[in-house]
């Protein structure tokens, strides 16, 4: 299971992104590999701190960028930034202990319900779904008809819960959820040391 560190850097996000991509290319990494090992919170709707943290960051002068980096690479990336202390300065570093997001869905077709249910039962290692995940399914054969516009449906499945665990696995499950328009997901919340 991969571990990640949250780095807060005093630099514009574009500068940090460009540096990370260039640094990765110099190490022989493709941009997609860098994107897997260096996570940009704004691309994943990741909340990187509590509201008070944001207020504290807002009152400090200068641009600030947050990035999540695989722990084994974080020290190397920071060492590569040392020759440019005025452009790329580390403000803080914290270990990401885990991540979580809430979800809910309601679907009206059995095959879609089965596909969605499998997202939450076939989880990556280090990821779990909350105990309150208990899909409720109802059938009413008398309501069969044009399902898209019917006031009642012949089949209904709904559930809610929380996916939590290792950051990379949680993001993988969230990606699967986004392939189904009936699943609503909340932002990813980080658990930090």
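On full extension, the segment bounded by residue 87 and residue 140 gains 12.7 nm, given 0.36 nm per residue less the C-alpha separation.
Each listed q (0.25, 0.32, 0.33 Å⁻¹) maps to a log10 I(q)/I(0) for segment 69-117, found by the Debye formula over equal Cα scatterers with no solvent: -0.99, -1.19, -1.22. I'd like the orientation of helix 110-121 relative to the chain: the angle between its Cα long axis and the longest Cα principal axis, in ° from 0 to 90, rounded to 10. Rounded to the nearest ten degrees, it is 40. Between 101, 120, 155, the Gaussian network model of the chain with springs among Cα atoms under 10 angstrom shows the greatest mean-square fluctuation at 155. Rounded to two decimals, the Cα radius of gyration of segment 4-97 over 2.2 N^0.38 Å is 1.04. Taking 25 °C and 0.890 mPa s as the conditions, I'd like the Stokes-Einstein D for segment 63-180 in µm²/s, using the Kirkwood hydrodynamic radius from alpha carbon pairs. Result for D is 140 µm²/s.
Each reported figure results from applying straightforward, stated rules to the coordinates on display, with no laboratory input. Treat the numbers as computed from the prediction; the structure is a model and nothing was measured.
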